[in-house]
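Enquirer: Input: one structure, supplied below.
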Amino acid sequence: MKHPLPDMDESAPRSIYDRDEAAEEDPWFLPPTDEDEPPLPIPRRAVRSLADPAEWLAAEARLAADLARAAADLARLDAVVEGSGEGMVTRLALIEAEAVILAEGGRVRREQIGRDMMGRGGVPGLAADLGRARWALRRLSARPGAPEGLRGFLGLHETEAPAALPESARTRPAGPEFDAAEAEFRAGMDEMAGAHPLTRAAYAFRLWQLAGLSAPGSVAEPAVAAARIAAQENRLLGFAPMAAARAVWTSGGEADERLSRWLGATGNGAMSALMSVRRVDDWAKATSAVVSGWKGGTPLRMVEALRARPLLDTEDAAVLAGISRDSAERLLARMQSHGMIRELTGQGRFRLWSAAA
């Protein structure tokens, strides 16, 4: 099955956040060492005193009712998304990728991220934002499962000279310091092994920041990691959407306050995502009712293609609708003239279309 964003895997621009299978095994951030000299001592990170697992487990017990409601909301969303297909996962992932970059002070929008992933060109001055967004979108679009090896998850592999890398990559912990941070993070997560995935997600977000796994001020990396931990028991949707309540990524407090806020954000995020799904479904029903009066069955197939994918180019539209490229161009132009769809590139060639939902 072709991915809803066809160029997401191989032909998209390279990113430091994406694993390069052709790269050398040693990541760029491991400094050269002299085998004749002993390694530098690794300072112990006493961060779990600020994120005590016992306090979070106690908070989970006190917030059992809130936890049950949030878990039910996320499970309901997953079931609805499963009925809609992988294109809906990508659609929601674009929204979430936009939100985590905005939370870091970035300026890219979901349409720009989608255009970039489909090879329709970047945006001048936003290369760094788009690089982080590509990383986030790929991780969010993956099947459910918690992050495993953090170097692989973060994509910390050699892609270009370190001096040319974005500042966010150059200022993260390196070498033994990163190993120490990861060890501290994993030790804390092991102590939370018996907790619910939503509790583990909230704790992971806090511990990630305290352990210093990312550069100061990073939101995307801990937020995406936590979102995947939260949804690891889902069937299709690989993350818990939090875009509707992204203030949770920058707020403070003790364990009870943080977990309560996180559970509320999970419920709000799931409800907002459900509304996004329903808007697309409502658009498909309303648009189908109109185009059913047009000649032939092609217009209905085009509606289904636009419902199934967040972005669609003319070539894929033609294939999915079973018509020629020229016929697809004419049909898409007609639908645009009726306000049913939007064209996102503003170009005369290599255009991208989306449902006006």
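Enquirer: For the range 306-328, does any single residue satisfy the condition of being of a type in the set (D, E, K, R), in a helix (DSSP H, G or I), more than 21 Å from residue 85 (Cβ to Cβ) and without any contact (Cβ under 8 Å) to a residue 24 or more places away in the chain?
Expert: Pass one, the range 306-328, residues of a type in the set (D, E, K, R): 307, 309, 313, 315-316, 325-326.
In the following step, the residues that additionally are in a helix (DSSP H, G or I) were identified as 307, 315-316, 325-326.
After this cut, where a residue has to be more than 21 Å from residue 85 (Cβ to Cβ) as well, the list is 325-326.
Among the residues that remain, those that are also without any contact (Cβ under 8 Å) to a residue 24 or more places away in the chain are: 325-326.
Looking through the range 306-328, at least one residue is of a type in the set (D, E, K, R), in a helix (DSSP H, G or I), more than 21 Å from residue 85 (Cβ to Cβ) and without any contact (Cβ under 8 Å) to a residue 24 or more places away in the chain.
Enquirer: Still on this structure, please answer the following. Return the residues of the range 314-339 that are surrounded by 22 or more Cβ atoms within 10 Å (Cβ to Cβ) and touching a strand residue (DSSP E or B) at 6+ places or on another chain (Cβ under 8 Å); say none if nothing qualifies.
Expert: Result: 317, 332, 335.
Enquirer: Would you check if residue 265 is assigned to a helix (DSSP H, G or I), crowded, with 19+ Cβ neighbours inside 10 Å and either among the hydrophobic types (A, V, I, L, M, F, W, C) or under 21 Å from the mean Cα position of the chain (by Cα) (or both)?
Expert: Values: assigned to a helix (DSSP H, G or I): yes; crowded, with 19+ Cβ neighbours inside 10 Å: yes; either among the hydrophobic types (A, V, I, L, M, F, W, C) or under 21 Å from the mean Cα position of the chain (by Cα) (or both): yes.
In short, yes.
Enquirer: Here is a further query. Name the single residue, out of those in the range 167-209 being of a type in the set (Gly, Ala, Ser) and not in a helix (DSSP H, G or I), that is surrounded by the most Cβ atoms within 10 Å (Cβ to Cβ).
Expert: 195
Enquirer: Just the residues that are modelled with pLDDT under 95, more than 26 Å from the chain's Cα centre (by Cα) and of a type in the set (D, E, K, R), please, taken from the range 289-314.
Expert: 295
Enquirer: Out of the range 95-115, which residues are assigned to a helix (DSSP H, G or I) and open to solvent by 10 Å² or more (accessible area, probe 1.4 Å)? It would help to see each step written out before you state the result.
Expert: Taking the range 95-115 and keeping what is assigned to a helix (DSSP H, G or I), we get 95-103, 110-115.
Correct list: 95, 98, 102, 103, 110, 111, 112, 115.
Enquirer: Being within 22 Å of residue 116 (Cα to Cα), at pLDDT 90 or above and not basic (Lys, Arg) is the filter here, so list the residues in the range 132-161 that pass it.
Expert: Matches in the range 132-161: 133, 135, 136, 137, 140, 141, 142, 153, 154.
Enquirer: What pairs come out if I take residues in the range 333-357 that are of a type in the set (Ser, Thr, Tyr) and pair them with residues that are surrounded by 14 or more Cβ atoms within 10 Å (Cβ to Cβ) and in a loop (DSSP other than H, G, I, E, B) whose C-beta lies under 7 Å away, six or more apart or interchain?
Expert: 345/120; 345/351; 354/310; 354/311; 354/344
The values are calculated or read from the model by the stated rules, or taken from the named source; none is laboratory data. For clarity, every value in this text was computed on a predicted model and none was experimentally measured. Cβ atoms come from the backbone with ideal geometry, glycine included; neighbour counts cover every protein chain shown. Just the protein is used for accessible areas: all its heavy atoms, side chains included, with ligands, DNA and RNA removed. Shrake-Rupley method; radii C 1.70, N 1.55, O 1.52, S 1.80 Å.
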